[in-house]
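Participant: Provided herewith is a single structure, encoded as structure tokens, for subsequent inquiry.
The values are calculated or read from the model by the stated rules, or taken from the named source; none is laboratory data. Because the structure is a prediction, the values reported are computed rather than measured. FYI the Cβ positions are ideal-geometry reconstructions off the backbone, even for glycines, and counts take in every protein chain you see. Heavy atoms of the whole protein, side chains included, go into the accessibility calculation; ligands, DNA and RNA do not. Shrake-Rupley method; radii C 1.70, N 1.55, O 1.52, S 1.80 Å.
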Amino acid sequence: SIQSINQINSINQITQSNNRDLRRNSPKKKMSDHRSGSGSGSGSGSDSGSGDQDEELSFEQGYEHLVPHRTLDPMGVPSAQDRALSLDEMEYYRQPQIGGLISPARNQQSESDVSSNEHSALSLPFTDEYGQAGDHFLDSTGGRHAPPVKSPGIPPHAQRSYQGVHPVSSAAPSGAGRLRVSDKPPSRPPCSCFGDPTTSCLPCCSGFSRDSGQDRLPLLAEQALSDADLANASARTSCCSLVNFYVCRGPRTRLALWILLLVCLVVALILLPVLAYFTATCEQTDVRVFSECVSIFTPPTQEDLADMRESLRTRLLRDNGLANYGAIYLEGGTESSLFLSDTELPFYQEDNFFYLTGIAQPNYRLLMDLDSRSAVLFAPNLPADYAVWNGVVPSLDQIREQTLVNAVYYDDQFISVLSNFSAAVDPATYTIYTLPGVELSLNTSVFPNVVSNDRDLQPIMYAKRSVKIDEEVALLRIASQVSSQAHRWLMEHFPVDKPSSVFEYSIAANFVAQNALCDLQHQSYLPIVGSGYNSAILHYTSAQDQVGEHDLVLIDAAGMYKGYTSDVTRTWPARGRFSKLQARLYEMVYRVQQISFSLLAPGADFSKISSNCTASIAQELLDAGLVNGTVSELVSNRIVSLFMPHGLGHFVGLTVHDTTIYPKTVLQPNMVLTIEPGIYFNKGLLLP
């Protein structure tokens, strides 16, 4: 209507001077279309229908002209940075937000409800993008106020505080009309507390400025609430602070928040497995100190070991070259103590006895009859208190099951069993074959035809032991594998940045520990750990010196598994890097070792392989300029032995130098031996 247009123009003229600078920086909005629709019929209201008809205004052309400020928030409130309003005006524009969601009952007001108000009012209903409706009212005196409808979620004294008139201009045309704002959704969602619109949640956006991030001025409703009201509403308003951060921001900010949340989720998915891995690693590190083996292998069962011993006994009894009538007699080791004390020394079983029985306890005896090919084991009759001090005493049946021998008796029955064996035949003599050093005292009156032979059994036993069966080879592989990994562990964990902080004995102790963690409870021999000059001493076992910064560290050590040994020697620099001279010497020995490996094969003569190794060492010494002459001269004059005083290798089995010191036979399948050339600079050999 004409009165509505005049009323709008009056408000615009009053507020226009206060915002001239802001209007210059903002896009100008025109109302020409709306003016032209009523210009010709001013006073009559016949331009576009009757005067009672509501005039349509778009959000941009109508509502912004009504409130001539450049930036409007979703509730129609200009932002603080784009207007110059009084405190009362600022409080007015925030009134639609008071009390949480505006009651939908406002849209149901009739014209009579509006005209019955204290002042005639112009209503501006609108609907936001959430479907929440509300009205702005302009009274006949130019003032604006919230509708008189009571919000059930706000206390009465708070409702009264925002139902008053807040004048913007004292001059305003009389009369009122209803202008409906376009249904175009605002650029940003209004503030909202999730849940029932009747909740007594305090204004969600009261603490934030959507455009500038600055704190808003206190709302009139918040000022009117008492401390008791605030305390009662605190439980329900806890959601508001969280909702504010998201709802009261623009689409771009919310999109950025979603992207940030997605990035955080992706990072969490990546970090959780990493954290789980490191947590598991830390847990494993604690366990590793006490239980983790440096190598992975499948240990044999007790049944497998028993079957292996039975196979070894059968092979010896079937093909031995001994007389048909007689017996093989072996004695196990005995306990020993430290001189005149009762301190027990570590027990090692006699290797030949262990080879045929697998018994690791002392004071046992074995008798195998050559005629019947039966094996009888004699166990010590231990006292009752043995179980208190040493452990469980196995029964005779348990021993038989463990060893698979034909029979097991206590030691005091040896004479009667031997009498039965010797009396079963009627030979001129019944020979008992023993090893050197074994003394078997027998009463000649009881055994007139029994004789002892300690010469023929040892070479036969050594010949059998030098060629392993497959089960023995498997045990030797485990011993060598674990020993090799223990050497690697020392190299990896040695403090190359501070080598002088390490003593030789600590290296030896760590090596023994790594073997023990893999059930290699005994060493094949005393570990040889030498640094500097000590590395040139062949059997240096004292291990008392401190490692030098530029030393070479030699470790000659290996563990024993189920009675089977190994022999591994490695040399590496204390600082983690060889010097040029050290690297050249290392490569010299390595080349000789590779040449010797290439010559190993069944049917090869190990003596010839050893001679070839000696010639290769001589050639390397000549090439390095360490000696003068020719290869033949160095070999014939034994110059090479000054740098390599030991042989090329030896058999390995139940002892580290198994059966013989140096093999002199043709190599056969399943023979196990070492190949260990070396070059030493030993003062005892090189100096006069």
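Participant: For the stretch 407-416, does any single residue satisfy the condition of being surrounded by 15 or more Cβ atoms within 10 Å (Cβ to Cβ), of a type outside the set (Ser, Thr, Tyr) and under 30 Å from Thr301 (Cβ atoms)?
Facilitator: yes
This table checks each residue for (1) touching a residue at least 60 places away in the same chain (Cβ under 8 Å); (2) open to solvent by 70 Å² or more (accessible area, probe 1.4 Å); (3) closer than 11 Å to Gly332 by Cα; (4) in contact with a helix residue (DSSP H, G or I) (Cβ under 9 Å, 6 or more places away or on another chain).
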residue	(1), (2), (3), (4)
Thr357	no, no, yes, yes
Gln361	no, yes, yes, no
Arg373	no, yes, no, yes
Leu377	no, no, yes, yes
Pro383	no, yes, no, no
Val393	no, no, no, yes
Arg400	no, yes, no, no
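Conditions tested, residue by residue: (1) within 49 Å of the chain's Cα centre (by Cα); (2) more than 22 Å from Thr571 (Cβ to Cβ).
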residue: Val592; (1), (2): yes, no
residue: Pro602; (1), (2): yes, yes
residue: Asn612; (1), (2): no, yes
residue: Ser616; (1), (2): yes, no
residue: Gln619; (1), (2): no, no
residue: Ala624; (1), (2): yes, no
residue: Thr630; (1), (2): no, yes
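Participant: Something else: Need pairs with beta-carbon distance below 8 Å; first residue over 25 Å from Phe297 (Cα atoms) and at pLDDT 95 or above and within the stretch 493-518, second of a type in the set (D, E, K, R) and not in a helix (DSSP H, G or I); sequence gap 6+ or separate chains.
Facilitator: Hits for this filter: Phe503/Asp545; Glu504/Asp545.
Participant: Report, by residue number, each residue of the stretch 608-647 that is part of a helix (DSSP H, G or I) and small (Gly, Ala, Ser).
Facilitator: Ser610, Ser611, Ala615, Ser616, Ala618, Ser632, Ser636, Ser641
Here is a yes/no grid of residues against (1) out of contact with any Phe, Trp or Tyr (no Cβ under 7 Å at 6 or more places or on another chain); (2) outside any strand (DSSP E or B); (3) under 24 Å from Val408 (Cα atoms):
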| position | (1), (2), (3) |
| --- | --- |
| Val274 | yes, yes, no |
| Phe297 | yes, yes, no |
| Met308 | yes, yes, yes |
| Glu335 | no, yes, yes |
| Phe347 | yes, yes, yes |
| Asn363 | yes, yes, yes |
| Leu366 | no, no, yes |
| Val376 | no, no, yes |
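Participant: Also, I was wondering about something else. From the set of residues in the stretch 483-507 that are surrounded by fewer than 18 Cβ atoms within 10 Å (Cβ to Cβ) and hydroxyl-bearing (Ser, Thr, Tyr), which is nearest to Tyr564 (Cα to Cα)?
Facilitator: Ser484
Participant: Then there's this: Looking at the stretch 417-437, is at least one residue touching a residue at least 12 places away in the same chain (Cβ under 8 Å), under 51 Å from the mean Cα position of the chain (by Cα) and open to solvent by 60 Å² or more (accessible area, probe 1.4 Å)?
Facilitator: no
Participant: Residue check, His650 against (1) exposed (fewer than 13 other Cβ atoms within 10 Å of the Cβ); (2) closer than 18 Å to Asp556 by Cβ, all met but one. Which one?
Facilitator: Going through the list (1) exposed (fewer than 13 other Cβ atoms within 10 Å of the Cβ); (2) closer than 18 Å to Asp556 by Cβ, His650 breaks only (1).
Participant: Can you run down the residue pairs with Cβ atoms below 9 Å, 6 or more apart or on separate chains, where the first is in the stretch 590-607 and on the phi < 0 side of the Ramachandran plot and the partner is among the hydroxyl-bearing types (Ser, Thr, Tyr) and in a helix (DSSP H, G or I)?
Facilitator: Taking only residues 6 or more apart or on different chains, the pairs are Arg591/Ser616; Val592/Ser616; Ile595/Ser616; Ser596/Ser610; Ser596/Ser616.
Participant: Of all residues in the stretch 508-533 being assigned to a loop (DSSP other than H, G, I, E, B) and open to solvent by less than 60 Å² (accessible area, probe 1.4 Å), which is nearest to Tyr680 (Cα to Cα)?
Facilitator: Within the stretch 508-533, the match that is nearest to Tyr680 (Cα to Cα) is Pro527.
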